[in-house]
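The values are calculated or read from the model by the stated rules, or taken from the named source; none is laboratory data. None of these values were measured; they are calculated from a predicted model. Using ideal geometry, Cβ is built from the backbone for each residue, glycine included, and neighbour counts are taken over all protein chains shown. Ligands, DNA and RNA are stripped out before the accessible areas are found, and what is left, the full protein with its side chains, is counted by its heavy atoms. Shrake-Rupley method; radii C 1.70, N 1.55, O 1.52, S 1.80 Å.
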Amino acid sequence: MARQTVVLGAGIVGVSIAWQLQQRGHQVTLIDRHQPGRETSFGNAGIIQREAVRPYAFPRDMKTIMSVLPNKRVDIRYRPAGMINAASPLLSYWHNSSSRLYKKIVPEYASLIELCLKTHEPMIEAANADHLVRREGWLEIYRTPKKLAQRVKEAEEARDHYGVQFAVLDREGLAEKEPDLGSDIIGAIHWLDPWTVADPGALVAAYADSFTQLGGRVLQTDIKGVQQQGKRWQVDTAAECLEVDEVVVALGPWAGSWLKGLGYHFPTFVKRGYHMHYTTQPSAKLHYWLMDAEIGYLLAPMNAGVRLTTGAELDRLESPADEKQLADAEKVARSVFPLGERREASAWKGARPCLPDMKPVIGPAPKHSGLWLAFGHGHQGFTLGPATGQLLADMMEGKPTEIDMAPFRADRF
Ligand SMILES: Cc1cc2nc3c(=O)[nH]c(=O)nc-3n(C[C@H](O)[C@H](O)[C@H](O)COP(=O)(O)OP(=O)(O)OC[C@H]3O[C@@H](n4cnc5c(N)ncnc54)[C@H](O)[C@@H]3O)c2cc1C
């Protein structure tokens, strides 16, 4: 008989796991309080980041730390209450960002990133979602030759060690690709491998449709709790009670607090982010996804308009929105590209689910059999969902995995 599995959470991570398992003949129910792909996986910048082999480290140099303190930078904001709340994981994040520890983390993280395109590809094909995906890379734009040169050095390392492809563009080269950019921009790195998605939520929804076409079931309801009963699991939801062989927790930013109910205390924290869509001024056109790297926000020509996404806001998951960071990013963005009107009355708010060593948890829960965990994908969950799906499904079936999974074990915390 087919193994019965419940996947909790229908973001990119949960949907990808459900899709993989269903394809392999498991009988899967995917549960979320919303339709698939309506939370973090909806509002992100939509880049499948093959270039992101170096996860975002906590700044360690005094100059950067001092510049963050007045809380006026565009790329990072904090609220003191949020910092106090996450003090212990943040301290551990800072510790893990030392050059000695970070050097070990990069190849581990890169081993996951290297799987991103080839694991998205079969899902895009099965979901008939090619119309949402562009395969032209994205642009990281620079204002000062020194910063661009530093980044080119990192790009060369990424190329030499992890096969990342890029081109360096001077002002003229960039103007050929993006003629409407402001004069402060002196050049760019064009990351050539990544794919960009014109509506990330729609891609996750298409993956979920493909899952249901394979025979999987989506149940839209609130998850109340799970209990182990002998070798099986009981899953209580607001709608019904299910009995299954295995449970996968893929609850993104909610995973940490939810797992406390089962006796797990993972050092999770969130980096919140906002987005807003804009029209463009008449005759202006944005062709590529582009990140204003020295300021720290991103502009993306999506189906809903030009989407501006912000950097990190360190605050509690549930604190109310503060749109100042977005407003400040918008002010700078208007000097870079001729944005028009805002398209929504208020900003979308989401939260990157983070762990202090910058790597997700993917694997079995240490204290329960038949319980599997996949969360903490931070800045690159949209990129890494399908790779996580493939790797976790292999682990659940007792098959060898394509990469070493030890760096992602839950019991490292
Ligand atoms: C501004 C911004 C830009 C980003 N840009 C990129 C990018 O360009 N590329 C990239 O790779 N990543 C990007 N990310 C990160 C990426 O979006 C996340 O890492 C990823 O979406 C996390 O996916 P997830 O499936 O783990 O979580 P989610 O998508 O949040 O899914 C978790 C699900 O759990 C459900 N849930 C929680 N609790 C319950 C409950 N009790 N009952 C029922 N359902 C529940 C929620 O409804 C939700 O649907 C960005 C993030 C932000 C905020």
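Condition check ((1) open to solvent by 20 Å² or more (accessible area, probe 1.4 Å); (2) more than 23 Å from THR388 (Cβ to Cβ)) across all residues:
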{"site": "VAL306", "(1), (2)": "no, yes"}
{"site": "THR309", "(1), (2)": "no, no"}
{"site": "PRO320", "(1), (2)": "yes, yes"}
{"site": "ARG334", "(1), (2)": "yes, yes"}
{"site": "TRP348", "(1), (2)": "yes, yes"}
{"site": "ALA351", "(1), (2)": "no, no"}
{"site": "PRO366", "(1), (2)": "yes, no"}
{"site": "SER369", "(1), (2)": "yes, no"}
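Within the range 6-18, count every residue that is open to solvent by less than 10 Å² (accessible area, probe 1.4 Å) and either more than 14 Å from the ligand (Cβ to nearest atom) or among the hydrophobic types (A, V, I, L, M, F, W, C) (or both). Residues in the range 6-18 being open to solvent by less than 10 Å² (accessible area, probe 1.4 Å) and either more than 14 Å from the ligand (Cβ to nearest atom) or among the hydrophobic types (A, V, I, L, M, F, W, C) (or both): 8 in total.
Considering every residue within the range 324-331, establish whether at least one is more than 27 Å from LEU286 (Cα to Cα), charged (D, E, K, R) and either surrounded by fewer than 19 Cβ atoms within 10 Å (Cβ to Cβ) or touching a residue at least 60 places away in the same chain (Cβ under 8 Å) (or both). No, that holds for no residue.
Whenever a residue of the range 194-218 is farther than 26 Å from ILE47 by Cβ, its partners that are away from the ligand (no atom under 15 Å from the Cβ) and not polar (S, T, N, Q), lying with C-beta atoms within less than 6 angstrom and at least six residues away or across chains, give the pairs GLY216/VAL28.
Residues that are part of a strand (DSSP E or B) and open to solvent by 10 Å² or more (accessible area, probe 1.4 Å) were ranked within the range 290-304; the one that is nearest to TRP191 (Cα to Cα) is MET291. If the condition is being more than 15 Å from the ligand (Cβ to nearest atom) and within 10 Å of GLU178 (Cα to Cα), then the range 285-305 contributes LYS285, LEU286, HIS287. The set of residues in the range 181-193 being open to solvent by 50 Å² or more (accessible area, probe 1.4 Å) and in contact (Cβ under 8 Å) with a residue 60 or more places away in the chain consists of ASP184 alone. Going residue by residue through the range 46-60, is there one that turns out to be among the hydroxyl-bearing types (Ser, Thr, Tyr) and open to solvent by less than 70 Å² (accessible area, probe 1.4 Å)? For the range 46-60, residues among the hydroxyl-bearing types (Ser, Thr, Tyr) and open to solvent by less than 70 Å² (accessible area, probe 1.4 Å): absent.
Counting the residues of the range 81-98 that are open to solvent by 90 Å² or more (accessible area, probe 1.4 Å) and more than 21 Å from the chain's Cα centre (by Cα) gives 4. The set of residues in the range 144-157 being in contact (Cβ under 8 Å) with a residue 24 or more places away in the chain and surrounded by fewer than 17 Cβ atoms within 10 Å (Cβ to Cβ) consists of THR144, PRO145, LYS147, VAL152, GLU154.
Highlighted here are the helices (runs of 4 or more DSSP H) found entirely within the range 128-236 that include at least 1 residues which are of a type in the set (Val, Ile, Thr): 145-162, 200-213. For the range 359-393, the set of residues classified as closer than 21 Å to ILE76 by Cα and within 12 Å of the ligand (Cβ to nearest atom) consists of GLY376, HIS377, GLY378, HIS379, GLN380, GLY381, PHE382, listed by residue number. Restricting the search to strands (runs of 3 or more DSSP E) fully inside the range 347-413 and requiring at least 1 residues that are within 21 Å of the chain's Cα centre (by Cα) and over 20 Å from GLU246 (Cα atoms) gives 348-354.
The residue pairs whose first member lies in the range 258-278 and is within 18 Å of PRO89 (Cβ to Cβ) and among the aliphatic types (A, V, I, L, M), whose second member is at pLDDT 95 or above and more than 13 Å from the ligand (Cβ to nearest atom), and whose beta carbons are closer than 7 Å, counting only pairs six or more residues apart or on different chains, are LEU259/PHE266.
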